[in-house]
1. What pairs in Lys133/Lys253; Lys116/Lys253; Lys44/Lys253 have C-alpha atoms more than 24 Å from each other?
2. Using a 1.4 Å probe on the protein heavy atoms, what percent of the accessible area of the range 183-291 belongs to carbon and sulfur?
3. Figure the gain on full extension for Asp119 and Thr226 (residue separation times 0.36 nm, minus the Cα-Cα span) and round it to one decimal in nm.
4. Quick check: pseudo-label points 7 Å beyond the Cα along Cα→Cβ at Met248 and Ser186, how many nm apart are they?
5. For the range 1-130, what is the charge dipole size about the Cα centre, in debye to the nearest 20, if Lys and Arg each add +1 at the Cβ and Asp and Glu each add -1 at the Cβ?
6. Could you sort 198-208, 7-17 so that the peptide with the highest average Cβ count within 10 Å comes first and the rest follow in order?
7. Considering all projection directions equally, how large on average is the shadow of the alpha-carbon convex hull of the range 25-88, in square nanometres?
8. Would you grab the residues whose amide H sits under 5 Å from the one on Leu69? Only those 5+ places off in sequence or on another chain, please, with H modelled 1.01 Å from N.
Amino acid sequence: MRDQAVSGTLLTDDGATIAFYDTEGAGPPILLANGLGGPLRAWKPQIDYLGDRYRIISWDYRGLYNSPLPPDQPPRLDVPTHARDLARLATHLGVERAACIGWSMGVPVLLETYEKRPDLISHLVLLNGTFGKPLSNSTLPLVNKVLPRIVRGARRFESVGTGLVKRASDQPETVLWLKRLGLVSSTLDEDLFRQLADDFSGLDLGLYLDMLRALGEYDAARLLETVRVPTLAIVGDRDLFTPKDLAMRMARKIPGGELLLVRGASHYAALEYPELVNLRIEKFFREHGFT
């Protein structure tokens, strides 16, 4: 996936190294904000479809993949810090204004970025995300009670958890069971999902859970009515992590917000129904003058 983009690094003022990827296309820029644990590979269908007309840029969140944290400092993993990293990256790459697409955790990161740098964002596409406190809003049974406790105590079981994640990613039947349980759609590209799982299995699970805890404390509800750029929310009607009701509420509260509800899609709508999602994004850009 990275062979479609030039990679580089940016050193932040607190010593973190941010790895970024830039297709260096000739068209207007699109900034991609990953989900928590999502690498550049997760955007393959969108980059394949839009890459010939746009300059597409993404980055690894600090602490994940190729973005190491500064040594000998307490980690800063909260949403406002990730938003500042995005703003720094845009300045570093000479991007003054861009359309932004965020998936899952990328949604609150982009909303926070808009509050701090409204001049940077011309259009928002919010994929399978919520405006705040995702651990409290999931419809997975008891997840809003159980998962925060797991996250708080995760450091004690980090080595065990890392081993379990690695073994699960190595098993070819893992995706099949996810489909049977309804956690992903039957249309999901199994090969691509296995590659993503393999990428994920190499993460520092402790840092990942620390970031999840910080995400669970963030709430951008106050920002929704302040958004003044064209905005499209996309969600699957079977998304258990960021339920459709939240996306519908988000779209209603953002002035002029639009909504695409993808029937049969889970939290991975852009991977399960890439043609539908890509065509709707393309139509949204065309209707709102981003060409």
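The values are calculated or read from the model by the stated rules, or taken from the named source; none is laboratory data. Here the structure is a predicted model, which means the values were calculated and not measured. Cβ sites come from the backbone with ideal geometry, for glycine too, and all protein chains shown count toward neighbours. For the accessible areas, the whole protein counts, side chains as well, though only heavy atoms, and no ligand, DNA or RNA atoms are used. Shrake-Rupley method; radii C 1.70, N 1.55, O 1.52, S 1.80 Å.
1. Values: Lys133/Lys253 17 Å; Lys116/Lys253 19 Å; Lys44/Lys253 30 Å.
Exceeds cut-off: Lys44/Lys253.
2. Details: 2460 of 4770 Å².
With neighbouring chains kept in place, the figure for the range 183-291 is 51 percent.
3. Values: separation 107, 0.36 × 107 = 38.52 nm, distance 1.32 nm.
In short, 37.2 nm is gained.
4. 2.5
5. On the way: 12 positive and 15 negative charges, 38 e Å.
In total the dipole reaches around 180 debye.
6. Details: 198-208: 17.8, 7-17: 14.3.
The densest-packed peptide leads the list: 198-208, 7-17.
7. Numbers: hull surface 19.6 nm².
Average of the hull's projected areas for the range 25-88 equals 4.9 nm².
8. Here the answer is Gly63, since their amide H atoms fall under 5 Å of that of Leu69.
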